[in-house]
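Since the structure comes first, as structure tokens, the remarks are kept for the end.
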Amino acid sequence: MTIYETERLLVRDWTQEPDDLARVLDTYSRPEVVRFLNAPMFPLRDPAGADELVRRWHARNAQFAAGYGIWAVQRRDDGRVVGTVMLKPLPGPDERELTEDIEVGWHLHPDSWGHGYASEAARGAVERGFALGVPEIYAVVAPGNEASMSVARRLGMTFVGRRTDWYGGEELETFRLSRA
């Protein structure tokens, strides 16, 4: 199901189809992708891990209010999946409860870095969030992840410092963009 489209990209739900699962495995098994993701499931090691991750995303999407999710980003010209974009409530310090703070985030396969796909997909997610009435959207980035901080800045987000409000109290570089 298509969630939204941009000039070059189609954002849709991840599926359990073999091509999607192979791309999830290829992306999230790479140390250069997961080194800033503080999650015990990474790096993925086998197809079963990819299947479980997509099932987890579907379960999370079902928890979120309408309009939010964790989605596949696909090039419109050739159908190649370049990565993941998300627009979702941030998990609180205990990670069990979702906050009212909304996050935009992205994870791309290294073969898709440097083409502006992260900025383009995230910009579409931000526009979606603002159309839903969200007053401000956050990007939270692991310290040292200069590439993601650059994407946040390209989106026009303002750096507001390091915060520990979300993701189990992990210290994260925090960026915010308010609806105009």
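The values are calculated or read from the model by the stated rules, or taken from the named source; none is laboratory data. This structure is a prediction, so every number in the text was calculated from the model and none was measured. Neighbour counts are summed over all protein chains in view; Cβ atoms, including those assigned to glycine, are modelled from backbone coordinates with ideal geometry. We work out accessible area using only protein heavy atoms, side chains counted, and drop any ligands, DNA or RNA first. Shrake-Rupley method; radii C 1.70, N 1.55, O 1.52, S 1.80 Å.
As a calculated quantity, the FRET efficiency between D13 and R35 at R0 = 30 Å, using C-beta atoms, amounts to about 0.70.
Treating r as the C-beta distance of A142 and H58 and R0 as 35 Å, the FRET efficiency rounds to 0.90. Express the carbon and sulfur contribution to the solvent-accessible surface of the chain as a percent, rounded to the nearest whole number, probe 1.4 angstrom. Carbon and sulfur: 48 percent of the exposed surface of the chain. Please state, as a whole number in µm²/s, the translational diffusion coefficient that the Stokes-Einstein equation yields for the chain at 25 °C and 0.890 mPa s, with Rh defined as the Kirkwood radius across alpha carbon pairs. Estimated diffusion coefficient is 150 µm²/s.
How high is the FRET efficiency between E95 and A131 when r is their beta carbon distance and R₀ equals 25 Å, given to the nearest 0.05? My answer for the efficiency is 0.35. Computed with a 1.4 Å probe over protein heavy atoms only, the accessible surface of the chain comes to 50 Å² per residue.
The modelled label-to-label distance between H115 and D26, using points 7 Å beyond Cα along the C-beta direction, is 1.1 nm. Around the Cα centre of the chain, unit charges on the Cβ atoms of Lys, Arg, Asp and Glu (plus for the first two, minus for the last two) sum to a dipole of about 300 debye.
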